[in-house]
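Here is the structure we will look at, set down as structure tokens.
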Amino acid sequence: MSRIGKMPINLPVGVKISVDKSNIVTVKGPKGELKQQVDKDIEIAVEDSVLSVKRPTEQQRHRAMHGLYRALLNNMVQGVTEGFKTELELVGVGFRASNQGQILELALGFSHPIYFVVPREVKVTTETVKGKNPIITLECSDKQLIGQVAAKLRSLRKPEPYKGKGVKFVGEVLRRKAGKTSGKGGKK
């Protein structure tokens, strides 16, 4: 059995799960409602506030989907109860971030500002403290959506390996390269 797939998911108080005939799982909780289409071969059972995912055979395809859908359903349960939070840091001289509702305005060293429209499901806040790098905070109940938005923001200016300038996740460790003068012994 899949080590991840066979672990049961404990449902917190206030979380309701329903599965319809076409295998669409709906999870409702205090932070919202999420839906996920599950493969018709995978069986989902809810007993005594415990969700379990079962597979019909030991085929490679079924084993792969067993762990996948268990992880997706666990992320949905966690999202509607606690939610997910991602922080991005803008490293660079003159890099700025501000938001007006769901429109994020970024100054990333280009000749023009970048306006990024954040989906309405994601709550965005910006923080600028003098002497520190600007921080963009994203909060959402959908882990896939928040990851996609954060990846798109990071792709606007990926951190470069020499000085580390760009948009990076808070706490992300970058592999740095030595400059071209570090290996030379000097003029002869």
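When the Debye formula is applied to the Cα atoms of segment 1-47, each taken as the same point scatterer, what base-10 log of I(q)/I(0) results at q = 0.22, 0.24 Å⁻¹? Treating every Cα as an identical point scatterer, log10 I(q)/I(0) equals -0.92, -1.04. Largest first, the three principal axis extents of the alpha carbons in segment 73-188 are 66, 33, 23 Å in whole numbers. In segment 91-154 the Cα-Cα distances spread across 10 Å bins starting at 0 as 21, 53, 24, 2 percent of all pairs. Rolling a 1.4 Å probe across all protein chains gives Lys132 an accessible area of roughly 140 Å².
Once all protein chains are placed together, Tyr162 keeps about 120 Å² accessible to a 1.4 angstrom probe. Once the mean of 1/r is taken over each pair of separate Cα atoms and inverted, segment 1-114 shows a Kirkwood hydrodynamic radius of 16.8 Å. The simple Förster model, with R0 at 41 Å and r as the Cβ-Cβ distance, assigns Ser155 and Val13 a FRET efficiency of 0.55. Per-residue accessible area (protein heavy atoms, 1.4 Å probe) orders Arg61, Arg176 as Arg176, Arg61, starting from the largest.
What FRET efficiency comes out for Gln36 versus Lys180 if R0 is 41 angstrom and r is the Cβ-Cβ distance? Round to the nearest 0.05.
E(calc), rounded to 0.05, equals 0.25.
Just going by the charge dipole of the chain, with Lys and Arg at +1 and Asp and Glu at -1 on Cβ, which of Thr128, Gly92, Gln102 is farthest out on the positive end? After comparing all options, I get Gly92. Pairs exceeding 31 Å between alpha-carbon atoms, taken from Lys132/Lys177; Lys123/Lys158; Lys6/Lys28; Lys28/Lys130; Lys54/Lys152: Lys28/Lys130; Lys54/Lys152. Against the chain, whose longest principal axis is taken from its Cα atoms, helix 60-81 shows a tilt of about 80°.
Note on Ile4: accessible area approximately 90 square angstrom, rounded to 10, probe 1.4 Å, nucleic acids and ligands left out.
The values are calculated or read from the model by the stated rules, or taken from the named source; none is laboratory data. Fair warning: this is a prediction, and the values are worked out from it, not measured in the lab. Note that each Cβ is placed from the backbone with ideal geometry, even for glycine, and that neighbours are counted across all protein chains shown. Quick note on the areas: whole protein, heavy atoms, side chains included, nothing else; ligands and nucleic acids left out. Shrake-Rupley method; radii C 1.70, N 1.55, O 1.52, S 1.80 Å.
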